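Asks: The structure under discussion is supplied below as structure tokens; questions concerning it will follow.
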Amino acid sequence: METKGHVHSFESFGTKDGPGIRFVLFMQGCPLRCLYCHNTDTWSTSSRNKTLSPQEAFNEVAKVKGFIRSGGVTVSGGEPLLQPEFVLELFKLCKEANIHTALDTSGFILNDKTKLVLEQTDLVLLDIKHIDPVKYKTLTSVSLDNTLRFIAYLETINKPAWIRYVVVPGYSDDEADLHQWAKFVSQFKVVKRVDILPFHQMGTNKWEELGKKYQLKDTPTPTPESIKMVENIFLSYGLPIVK
Ligand code: SF4
């Protein structure tokens, strides 16, 4: 049976999800439940916005191939590794056409199938949302172990990674935790870039539409001073911060 991907949506000229101008495909389904999620409408695996074969998705990529020459294709989510067969086939088509491939993931799923996807991936965009296992679970509802295993695996296969860290006041801005996070991340040679992302109130209406309580409604955006503090801590461990 032909592989089909459940796709939430796509964006032809993305500039935030990897180098250059990119075609970004947002996959349906996510096993995490991040308190600050902007894309709660991607959570459900049963929602069927668009169902595309890898070739059909690639046909969309091909329409903008001239524009994404400096960039490439990013598969994001949701969690794209919930649908490894689809991403694998799509990335193979991209590689055959000399198009750069990036995978935006929480690192939650590492198995034989997702390892095959990584073979076809040029760059991994990995969120390490916290370093404290209890606080990670509070933020995401899942265990941190998988993500730690994931980055360790990237190191063994020498796969370049950009790491993202969302600063949420009261949740992920504790100095001692930030030191632990930076110390941990700085041991990996595959980490080519670290992005510090300030929490913003976005997508709150989507939580309401889902009938879920949005717990961060009173959480402010971090101050410039607190972002600077995070930056300074990360820099003190030699992390390649991009401002
Ligand atoms: S991993 Fe991304 S899509 Fe999934 S819950 Fe977290 S922020 Fe939302």
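The values are calculated or read from the model by the stated rules, or taken from the named source; none is laboratory data. This is a predicted model, so every value here is computed, not measured. Ideal geometry is used to build each Cβ from the backbone, glycine not excepted, and the neighbour counts take in all protein chains shown. Note: areas computed on protein heavy atoms with side chains; ligands, DNA, RNA excluded. Shrake-Rupley method; radii C 1.70, N 1.55, O 1.52, S 1.80 Å.
Asks: Does VAL194 fit the bill of being outside any loop (DSSP other than H, G, I, E, B), within 25 Å of THR74 (Cβ to Cβ) and either open to solvent by 20 Å² or more (accessible area, probe 1.4 Å) or within 15 Å of the ligand (Cβ to nearest atom) (or both)?
Replies: no
Asks: Considering (1) within 12 Å of PHE23 (Cβ to Cβ); (2) surrounded by fewer than 19 Cβ atoms within 10 Å (Cβ to Cβ); (3) within 16 Å of the ligand (Cβ to nearest atom), say which one SER76 fails and leave the rest.
Replies: So the condition that SER76 fails would be (2).
Asks: Hey, another quick one. If we keep just the residues of region 106-130 that are open to solvent by less than 30 Å² (accessible area, probe 1.4 Å) and away from the ligand (no atom under 16 Å from the Cβ), which is nearest to ASP17 (Cα to Cα)?
Replies: Taking the candidates together, the pick is LEU123.
Asks: Next question. Given the options GLU231, GLU208, name the one that is closer than 22 Å to LEU35 by Cβ and in a helix (DSSP H, G or I).
Replies: It is GLU208.
Asks: Being in contact (Cβ under 8 Å) with a residue 60 or more places away in the chain, within 11 Å of the ligand (Cβ to nearest atom) and basic (Lys, Arg): is that true of ARG33 here?
Replies: yes
Asks: Across region 168-179, what is the number of residues that are closer than 12 Å to ILE128 by Cα and part of a helix (DSSP H, G or I)?
Replies: Final tally of qualifying residues: 1.
Asks: Whether any residue in region 54-73 is within 16 Å of the ligand (Cβ to nearest atom) and of a type outside the set (A, V, I, L, M) is what I want to check.
Replies: no
Asks: State whether the residues of region 208-215 include one that is exposed (fewer than 15 other Cβ atoms within 10 Å of the Cβ) and aliphatic (A, V, I, L, M).
Replies: yes
Asks: Name, by its number, the condition in (1) open to solvent by 80 Å² or more (accessible area, probe 1.4 Å); (2) within 15 Å of THR105 (Cβ to Cβ) that does not hold for TRP162.
Replies: Checking TRP162 against (1) open to solvent by 80 Å² or more (accessible area, probe 1.4 Å); (2) within 15 Å of THR105 (Cβ to Cβ), the one that fails is (1).
Asks: In region 79-105, which residues are away from the ligand (no atom under 16 Å from the Cβ), closer than 13 Å to GLY5 by Cβ and open to solvent by 20 Å² or more (accessible area, probe 1.4 Å)?
Replies: GLU85, LEU88, GLU89, LEU93
Asks: Any chance you could count how many residues in region 17-59 are open to solvent by 50 Å² or more (accessible area, probe 1.4 Å) and either over 21 Å from GLN120 (Cα atoms) or acidic (Asp, Glu) (or both)?
Replies: 11
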